[in-house]
Structures are given as structure tokens and as C-alpha cells.
Amino acid sequence: MANLRDIRRRIKSVKNTAQITRAMQLVAAAKMKKAQDQALAGRDYADLLNKVLVNLKTNFEEGSHPLLEHREGGKELVLVISTDKGLCGALNTNLGKKIRAEKPGADIITVGRKLRLQLTKTGSHLVSDYEVKDPVPFAEARPIAKQLTNLFLEGKYDKISVAFTNFVSTLTQEPTIAPLLPISSCTLGEKQDYEGVGKGQVRETDHMAALGVDYLFEPDPMGVLDALLPLYINFQVYQMLVESRASEHSARMVAMKAATDNANKFIKELTLEYNKLRQAAITAELLEITTAMKAME
Amino acid sequence: MALHLEIVTPEKTVFSGAVGNVYMPGANGEMGVLEGHAALVTALEPGELRYEQDGRIHTLAVGSGFAEVTQERVNLLTDMALGEDEIDEAKAEEAMKRAEEQLAKISHSDDAEELSHLRAVIAKSMAQLNLKRRVR
């Protein structure tokens, strides 16, 4: 049977927890706004880049550039983008599950501590690991993209994918595994899937592309492609990092909100119980006094 | 109908609107685009971008990237687009110095990508400084 002091102590500790989760919720909410804006801002660029590439693609044969080359079989590499900190709901668990289900035995490069620990424990071979600041600076995507490109060009891996959490909305984040290299028309077409915004928006240039307008290239088609493809990979990695970051903060905010709500509910219940007990104690005391008085008469 | 110009960097859409004509630093030297230009895709070098809007000429320092030109649109993808008042002279100078030091260190190695990155940083800083100093 809990006594008054125990309950008081528990209320105090739950209150402390609620205070912390509430603070975390507010911090996550502020970061979430920034990360979401960043993710959305990047989509314009992605959209445009994608369009230029699709237009370019019609001028090239598949496999005419080393980065477009499809190789059968071979080893797979997955770039896993998770979070550094926990307390963000089932975000990392879901992504980890998806990776184990779809890419078992693939080697990994990780961003973020959580899934690095989890996946290396279950026997995935870790090639390298990156730390990325918050908010994501564009420059930090470059070394990652560079290593991936080099590994692919050297023939160490024949297929490179990225596992990240796609930001759909504050309440929905979707674990996604998207192919990165080789760049294929299929990759280009699918891209729209996780870049949500801009879907269905048809611009003038889309019509032009549909009509098969021939573009002039300056300095020349191959030169443009040479410069554009690394940029594309760079930007893909960046966009996926940003999407993951937006998902992380959203998930954390939602998780912390739930925790705060639960704590508050718990405090309410405990307070009720505390008051009941207090009342019972007072009644008992009164009873004792009156009994004693009765006995004295 | 005027030309529609859109300048987009990874961080944000810098400019989107109707303009008179556009001059941009293409891979084969500066090129001017008027309305009705043939469809074209060009690489951009770090340098100066000018466009005319409401009779005024606006100038931006841009980094490397791409431009897609169609009859009535110019879509510009670049990693940097700064107006004169956004440029931090000291910062640009410092970035340039750092890149030059690194360049001196690795110039004999064969890391082609690193080299081209450092050259791009230098060219970008130059573009910023040129714009800033000329205006003043």
C-alpha cells in the first residue's frame, strides 16, 4: 500500500520527466521547422536538375558514361542514414527492419550512430562512417558522394543504394531504400516518389521535353554530362540527408509530445490518488479524535 | 511576353520572375539570352550573372552550375547566388586564401576532383570579390 510520501515523491519525479520531455518537444519543434524548410527548399533544385537530366538522357545511350553503366550481379553497398540520438519513436527501428529485409548481407556506409551500432552488431560489414552536422550543410554531402562514386567507379561495388527516411509529413515518415548508382532512367523516373512536392506540377519545360525538343549543349553533350552527373549524385545525397533530418526532428517532436501527454495524464491520476489518501487520513484522524472524546465523556 | 528567369540553389529559390534579358557566365564565355532563344543547356562558370528587371540591371555573383534555356524560360541551377549586399568580403577572402594554401599543398598529387573543387572555390570567391569591389 502506497503511503502519502511515496506518492508525493512519484508525482515529483513524473513532473520532472514531463518537464524534460516538454523541453525536448519544443527544441525538436523548432529544429523540425528549419529542417522541413530545408527539405522543401531542396526540392525545387532537385526538380529542375531532374528535368535537365531527363532531357539529357534522351540524347544518350544507356551505359555511354561510366556512371550510367549497369553491371550484372556483383556486390551491393548501402548508404544508411540514421540519427545520432534516440528518443525519436520507431524511426531507426523501422529503417533497420527494412534494410535487413531488403538488403541482407550488403556492406554499409553509415551516417548517424544509431543504426551503425545496430547493424554492425548483426554482422554487416561497415566500410566507413560519417558524421553530419545539424542543420545539414551542402558541403558535407560532397565527401560522402565522392567516396560512393569512387567505390562504384573502381568496381568494388556494382550497385549502390541509399536507405533513408523519407519525410512525408510531420506525422508520417517513410523508410525508403532508393538506388543511387548506377544512374538509370528508372532512378530518374522514380525520383518523384520521395520528392513528393512538385508532383503533378507541369511546367512549360515539361511540355517541351515531352515534345522531344532538341537541346543545344555548351560546351558539348559529353562535357555537360561529365559535370552534371557528379553534381546530381552530390545533390541526391544531400537531399536524402536533409529529408532524413526533417523526418528525425518530426518523429522526435511527435514522440516527445506523446511522452509529455502521458506524463501529464499520469500526474493527474497520481494526484487524484494522493488526494483520496489524504482525505482518508484526515477522516481517520477525525474519527480517532471523536472516538477519544466519546470515550472521555 | 518577357523571359521568365528562375535561379535555384540547393538551399532555396533565389529568384523567380519575369525579366528583360539575362547575361550569364557560360562555359564558353559570357552569353546573353533574349526571349525566343533556342533550347540550350549550358554549364556555368563562377562569375557574374546580370538580368534586367523594370529597367534596372541586377547583378549576382554565381557559382558553378547549369542553365537550361528554352524559348520563354531560363532555369538556372547553381551552388551559390549572392547579391552585392549578401557578400561578406572578409569571408570570401579567407575562403580564397584557405583554398589557395591547400592547392599549393596538393598541386603535385593527382587527385583531380579535389583540385577542381579547390579551383572552383577560388573562382567563386573571386567572383564575389570582383562584384563587391566594383560596386564600391
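Some observations on this one:
- Against the compact-protein benchmark of 2.2 N^0.38 Å, the Cα-based radius of gyration of segment A:1-47 scales to 2.12.
- Calculated over segment B:3-82: convex hull of Cα atoms, volume per residue (Å³): 71 Å³
- Once backbone amide H atoms are built at 1.01 Å from N, residue A:80 has A:109, A:110, A:111, A:163 as its partners under 5 Å, excluding neighbours fewer than 5 places away on the same chain.
- Accessible surface of segment B:3-82, 1.4 Å probe: 44 percent of it comes from carbon and sulfur atoms.
- Distance between segment B:1-63 and segment A:1-35 - C-alpha centres, whole angstrom: 53 Å
- Virtual spin-label span in nm between residue A:131 and residue A:290, 7 Å along Cα→Cβ: 6.9 nm
- Global size of segment A:1-147: 22.2, 80 Å for Rg and Dmax (C-alpha atoms, Rg to one decimal, Dmax whole).
- Taking only protein heavy atoms and a 1.4 Å probe, the accessible area of chain A is 57% carbon and sulfur.
- Residue-averaged 222 nm ellipticity for chain A, from DSSP H runs of 4+ at -39500 (n - 2.57), nearest 500: -21000 deg cm²/dmol
- Computed over protein heavy atoms with a 1.4 Å probe, the accessible surface of the protein assembly as shown works out to 51 Å² per residue.
- Placed amide H near residue B:14: partners under 5 Å, 5+ positions off or other chain: B:7, B:8, B:9
- C-alpha long axis of helix B:89-106 to longest principal axis of chain B, angle in °: 50 degrees
- Cross-link pairs A:133/B:91; A:12/A:265; A:33/B:132; A:34/A:268 - those with Cα-Cα distance over 25 Å: A:33/B:132; A:34/A:268
- Each chain gives up part of its surface: B and A jointly bury about 2700 Å² of accessible area, both sides summed, for a 1.4 Å probe.
- Working from label points 7 Å from Cα in the Cα-to-Cβ sense, the residue A:258 to residue B:102 distance is 4.2 nm.
- Compared with its chain on its own, segment B:9-39 contains the following residues whose accessible area drops by 50 Å² or more in the full protein assembly (probe 1.4 Å; ligands, DNA and RNA excluded): B:10, B:11, B:28, B:39.
- Residues of segment A:153-186 with amide N under 12 Å of a point placed 7 Å along Cα→Cβ from residue A:70: A:182-186
- Förster-model FRET efficiency, 30 Å R0, residue A:37 and residue A:265, C-beta, rounded to 0.05: 0.35
- Distance histogram for the protein assembly as shown (every C-alpha pair counted, 10 angstrom bins, percent rounded to whole numbers): 4, 18, 24, 22, 13, 6, 4, 3, 2, 2, 1, 0
- Treating each Cα of chain B as an identical point scatterer and summing with the Debye formula, the log10 of I(q)/I(0) at q = 0.17, 0.22 Å⁻¹ comes to -0.90, -1.31.
- Amide proton proximity set for residue B:44, modelled H, under 5 Å, gap of 5+: B:65, B:66, B:67
The values are calculated or read from the model by the stated rules, or taken from the named source; none is laboratory data. These figures come from a predicted structure and were not determined experimentally. Don't worry about glycine lacking a Cβ; one is built from the backbone with ideal geometry, like all the others, and counts go over all protein chains shown. Side chains are part of the model used for accessible areas, which takes the heavy atoms of the whole protein and leaves out ligands, DNA and RNA. Shrake-Rupley method; radii C 1.70, N 1.55, O 1.52, S 1.80 Å.
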